[in-house]
Amino acid sequence: MKIKESIKNILPTSWVVRLKQMKDYSLHKRIVNEGFAYDKKKFEKNSASFNLNTNEKLKSFLIKEYHAIEKGLALQRPKVGFGQERIKNLIEYLSYYIDEYGVDDVIVVTKNVLLEYKSFDEAYNKDKNELIPLIDDILKKITDHNLKDIRIGGGTKKIKKSDVFNSISNIDFDTFFKTRYSVRDFSDEPVNVDVLLEAIDTAKYVPSVCNRQPWKAYVIRPENTELKSKLLSVQNGNKGFGDSISSLIVVTGKLSHFFAYERNQVFIDGGMFAMSIVLALHSKGFGTCCLNLSYTAEMNRKFDEIMNFDKDTVPIMYIAVGNLKQDFKVAISNRKLLNEIVKVY
């Protein structure tokens with residue numbers, strides 16, 4: 001150490017800085033290369049890019065396809081006869097799914113979408129639509145199964161502007177957003193997990209690409225201190241307050257819901273879900289702190305080994321949850337000015 005310090009004292013400061021940057025460059029170059037290689041391998045193996053060989057991959061494909069029809073039907077003036085190739089493709093895979101996995105919620109939702117498409121076509125299409133017999137055949141195949149206790153949905157619904165305005169008229173969103181803090185000083189009182197789950201049930205209404213909802217949250221109960229400690233041991237941002245975290249939510253994304261052109265979408269959708277959970281927890285009076293899970297490849301492997309995560313899991317973030325003290329300190333966390341983050345054209 002003395003020799004190192006002596007060399008530092010001899011060399012000009014600019015050289016010392018330059019040598020340090022060279023060392024950091026080599027380290028960061030290796031981390032970036034290993035990280036991209038790890039992500040590439042996991043995406044290729046678990047995404048729906050190359051095959052639809054699992055229930056979850058095929059289900060995601062069906063959701064993507066039927067939601068495209070829903071969006072078409074929700075337009076102000078849907079085009080008569082739209083979606084010919086897409087619907088043919090959907091029906092083929094729908095039949096295959098039923099043969100392999102039977103009828104479930106996704107099949108019933110798809111059925112309802114196809115029924116609405118058929119009704120629209122019958123009302124506005126003066127020409128013969130070759131899709132209608134195909135739709136009739138697949139609908140019969142679905143109704144031949146027992147649909148009892150399967151929830152309904154799918155298609156479109158009408159919304160009144162007055163209903164939307166009435167629902168938000170008494171909410172002070174400005175104050176709500178500005179009173180959400182990153183809390184690192186929780187009370188000793190354990191959180192009520194049932195209330196926490198209610199918040200997540202609300203948060204699931206956040207948008208996602210084609211409504212695929214490619215996420216999964218793992219809730220660690222306050223009493224499960226061993227698992228909580230293991231998870232926090234592979235996250236560096238909880239030092240000094242990790243022991244006071246009552247419940248930990250592990251927010252993950254699921255690669256099986258994505259296709260070749262969507263390599264980044266898991267982080268976008270997963271991040272939106274995570275923020276929605278944070279705001280829902282805030283509405284319940286909980287304190288939260290978002291904990292970064294941007295991992296190196298090595299740390300990613302350690303994370304994967306801690307719990308029995310789904311194989312297609314990608315870590316998005318931890319959310320530390322606790323009850324608020326009567327008084328507590330938070331970082332001021334100044335925000336950038338509006339003109340620094342927005343350009344209006």
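Things worth noting here:
- Compactness check for segment 93-204: Cα Rg over 2.2 N^0.38 Å is 1.70.
- For segment 246-263, backbone phi angles converted through the Karplus equation (6.51, -1.76, 1.60; θ = phi - 60°) give residue-by-residue couplings of 7, 10, 10, 10, 9, 8, 10, x, 10, 5, 5, 8, 10, 10, 3, 8, 10, 4 Hz, Gly and Pro being listed as x.
- Over segment 189-345, Cα pairs under 8 Å with separation of 6+ residues give a relative contact order of 32 percent.
- Gyration tensor (alpha-carbon) shape descriptor, segment 192-345, a/c threshold 1.5: rounded
- Cα gyration tensor shape of segment 121-279, rounded if a/c is under 1.5, else prolate or oblate by comparing a/b with b/c: prolate
- Spacing of the modelled spin labels on residue 140 and residue 261, each 7 Å from Cα toward Cβ, amounts to 3.6 nm.
- Highest-first packing order for the peptide set 272-278, 320-326 is 272-278, 320-326, based on the mean count of other beta carbon atoms within 10 Å.
- Using a Förster distance of 25 Å, the FRET efficiency for residue 96-residue 74 (Cβ separation, nearest 0.05): 0.40
- Here the contact order of the chain, divided by its residue count and restricted to Cα pairs under 8 Å and six or more residues apart, works out to 21 percent.
- Rolling a 1.4 Å probe over the protein heavy atoms gives the chain an accessible area of 64 Å² per residue.
- Most mobile of 30, 184, 335 in a GNM of the chain (Cα contacts under 10 Å): 335
- Loop GluC sites (Glu not before Pro), segment 195-279, which have at most 16 other Cβ atoms in a 10 Å radius of their Cβ (DSSP): 223
- Over 19 Å (Cα to Cα) - which of 45/230; 158/204; 57/216 fall in this group: 45/230; 158/204
- Pairwise label distance in nanometres, residue 204 with residue 53, each label 7 Å out on the Cα-Cβ vector: 3.0
- A Förster radius of 35 Å, combined with the Cβ-Cβ distance separating residue 160 from residue 84, puts the computed FRET efficiency at roughly 0.60.
- Charge dipole (debye, nearest 20) of the chain; +1 at Cβ of Lys and Arg, -1 at Cβ of Asp and Glu: 1540
- For the chain, the antiparallel share of DSSP beta bridges with both residues in that region comes to about 95%.
- For residue 262, the amide hydrogen comes within under 5 Å of no other amide hydrogen, counting only partners 5 or more places away or on other chains and with H modelled in the peptide plane.
- Three-way shape call for segment 162-227 based on the alpha-carbon gyration tensor, with the a/c threshold at 1.5: oblate
- Derived scalar couplings between HN and Hα for segment 272-277 equal 5, 4, 4, 5, 5, 4 Hz in order, rounded to whole Hz, by the Karplus curve 6.51 cos²θ - 1.76 cosθ + 1.60 (θ = phi - 60°), x for Gly and Pro.
The values are calculated or read from the model by the stated rules, or taken from the named source; none is laboratory data. A quick note: this is a predicted structure, and the numbers were derived from the prediction, not measured. Neighbour counts run over all protein chains shown; Cβ positions are idealised from the backbone, glycine included. Surface accessibility is based on the protein's heavy atoms, side chains included, excluding ligands, DNA and RNA. Shrake-Rupley method; radii C 1.70, N 1.55, O 1.52, S 1.80 Å.
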